[in-house]
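Here's the structure we're looking at; comments come further down.
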Amino acid sequence: LFDNKFTGTLPDLSSSPSTLAELYLNGNELTGNLEDLLATAPSSLETIDLSQNSRLQGSISTEIGRFTSLKSFNVSYCSLDGSLPGSSLGPLASVELLAVAGNELSNTIPSEIGKMQALRVLDLSRNAFSGDIPSEIRNLSSLASLDVSYNPFLSGNLNPIICDGGTIDITTAVADCADDFMTTVKCDCCTACCSPSYEQCFAA
């Protein structure tokens, strides 16, 4: 049901089949609260894609921990706030894609993300995360793509995390590492460095 510009509220999935594996509602104009869906959807879901529903509100609640078979979670470009529930995300050992770009998420990036061993794509860009980028990201041996750009309150040094050897063989890394007065992150191996002050990225 993706890319149809459907309107109205998120569907009630409480009576959906317990074997439901994929939920694609991205690219619509749905309203509602993400917490309600996470609390009632079948825990069998392996894919949840609600991205590009700009009127979808709420936060990523601890209920996400129910989805122990989850492989892909994409809520990019909605209107979510709150923080990432690290204690619930860490045990999700099958997640390969975690994309929350273009929301209003804040507070620190939880160190428990470093326990998500299957993670290949991590997109936290265009939010309001603050504090240092957790060094535990270096434990994500399968990580191929990392984007933490356009988080003007985020800081840290990615060099010892993804650049200086280790187990990560990353192909795409984007951060606020452009050489200007707004630079908050150091990254010598990033494929692109962004400047929040100029709203553009520069290829390395």
Cut-off under 5 Å, modelled amide H: who pairs with Lys186 long-range: Gly156, Asn157, Leu158
Please list, or write none, the aspartates and glutamates whose alpha carbon is within less than 16 Å of the alpha carbon of Lys71, excluding same-chain residues fewer than 8 places away. Glu22, Glu46, Asp49, Glu63, Glu96, Asp123
For a quick check of understanding: with a 1.4 angstrom probe and all protein chains in place, what accessible area in square angstrom does Lys115 have, to the nearest ten? 130 Å²
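For the chain, give the share of DSSP beta bridges that are antiparallel, in percent and rounded to the nearest 5; count only bridges with both residues there. Please list the in-between numbers first.
Values: 4 of 36 bridges.
Within the chain, antiparallel bridges account for around 10 percent of the total.
Would you mind estimating how fast region 117-204 diffuses translationally, via Stokes-Einstein at 37 °C and 0.692 mPa s with the Kirkwood radius over Cα pairs, in µm²/s? Before the final figure, lay out the partial values.
Details: Rh = 12.7 Å.
Translational diffusion coefficient: 259 µm²/s.
For an R0 of 30 angstrom, estimate the FRET efficiency from the Cβ-Cβ distance between Asp169 and Ser54 and round to the nearest 0.05. Mind dumping the intermediate values first?
Values: r = 35 Å, r/R0 = 1.16.
So the FRET efficiency works out to roughly 0.30.
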Using a 1.4 Å probe, how large is the accessible area of Asp123, given in Å² and rounded to the nearest 10? 40 Å²
Once you have all Cα-Cα distances for region 12-68, histogram them in 5 Å bins from zero and send the whole-percent values. 4, 19, 30, 29, 16, 2
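Let me know the longest stretch in the chain that avoids all chymotrypsin sites (Phe, Trp or Tyr not before Pro) found in a DSSP loop with at most 13 other C-beta atoms within 10 Å.
On the way: sites that count: Phe181, Tyr198.
That gives 1-180 as the longest site-free run.
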For a label point 7 angstrom out from the Cα of Ser130 toward its Cβ, which stretches of region 184-201 have the backbone nitrogen within less than 17 Å? 184-185
Simple label model, 7 Å out from Cα along Cβ direction - Ala144 to Thr62, nm: 3.5 nm
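Run the numbers on the chain and let me know its relative contact order in percent, using alpha-carbon pairs under 8 Å that are six or more apart. Mind dumping the intermediate values first?
On the way: 573 pairs, mean separation 23.5, N = 204.
Rounded, it is 12 percent for the chain.
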So what's the projected area for region 77-151, the Cα convex hull averaged over all directions, in nm²? 4.3 nm²
Region 54-69 scanned against label point 7 Å out from Ser14 along Cα→C-beta; backbone N under 14 Å for none
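Semi-axes of region 39-168's equivalent ellipsoid from the Cα gyration tensor, sqrt of 5 times each eigenvalue, largest first, rounded to whole Å? Write out the running numbers ahead of the final one.
Working: eigenvalues 99, 64, 28 Å².
Over the Cα atoms of region 39-168, the ellipsoid semi-axes are 22, 18, 12 Å.
The values are calculated or read from the model by the stated rules, or taken from the named source; none is laboratory data. Every value quoted in this text rests on a predicted model; they were computed, and no experiment measured them. With ideal geometry, Cβ positions are generated from the backbone for all residues, glycine too; neighbour counts draw on all protein chains shown. For the accessible areas, the whole protein counts, side chains as well, though only heavy atoms, and no ligand, DNA or RNA atoms are used. Shrake-Rupley method; radii C 1.70, N 1.55, O 1.52, S 1.80 Å.
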